[in-house]
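Trainee: Take a look at the following structure, please.
The values are calculated or read from the model by the stated rules, or taken from the named source; none is laboratory data. Note that the coordinates shown come from a computational prediction; the quantities given were computed from them, not determined experimentally. Because the Cβ atoms are built from the backbone with ideal geometry, glycine has one as well, and the counts that use them run over all protein chains shown. Accessible surface areas use protein heavy atoms only, side chains included; no ligands, DNA or RNA. Shrake-Rupley method; radii C 1.70, N 1.55, O 1.52, S 1.80 Å.
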Amino acid sequence: MLSTTLSDFRKETKQYLDKVTNERETLIINRGKDTGVVIISLEEYNSLKATLHEMSSKKNMEVLDESIKQFKEGKMRERKLIE
């Protein structure tokens with residue numbers, strides 16, 4: 001995770017964005033006391049959105065939990081997520 005000020009981000013925008021996209025870094029730009037902005041790559045954002053979607057229903061969570069349990073016990077079987 002990287003952290004910088006808005007002034008430094010303006011000076012080094014390309015370098016910071018390269019680290020976010022190429023090295024999957026998370027960048028926090030501090031904007032004052034207890035305020036700031038977080039920048040993540042599009043790939044990371046899409047991954048977070050997909051995870052949120054998968055965890056958005058109780059049934060999906062139950063299926064995922066059961067799959068994890070079976071994987072840990074070596075009893076794997078293919079199941080599809082229920083929307």
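Trainee: For Asp18, only one of the following conditions fails: (1) part of a loop (DSSP other than H, G, I, E, B); (2) of a type in the set (Asp, Glu); (3) without any contact (Cβ under 8 Å) to a residue 24 or more places away in the chain. What is its number?
Mentor: All conditions pass for Asp18, except number (1).
Trainee: Another question, if that's okay. Out of the residues in segment 31-46 that are open to solvent by 60 Å² or more (accessible area, probe 1.4 Å) and not aliphatic (A, V, I, L, M), which is nearest to Thr5 (Cα to Cα)?
Mentor: Within segment 31-46, the match that is nearest to Thr5 (Cα to Cα) is Arg31.
Trainee: Taking Asp65 as the residue in question, decide whether it is open to solvent by 70 Å² or more (accessible area, probe 1.4 Å) and assigned to a loop (DSSP other than H, G, I, E, B). Steps first, answer last, please.
Mentor: Details: open to solvent by 70 Å² or more (accessible area, probe 1.4 Å): yes; assigned to a loop (DSSP other than H, G, I, E, B): no.
Judged against the criteria, Asp65 is not a match.
Trainee: Looking only at segment 3-15, filter to residues that are part of a helix (DSSP H, G or I) and within 22 Å of the chain's Cα centre (by Cα); which one of those is surrounded by the most Cβ atoms within 10 Å (Cβ to Cβ)?
Mentor: Phe9
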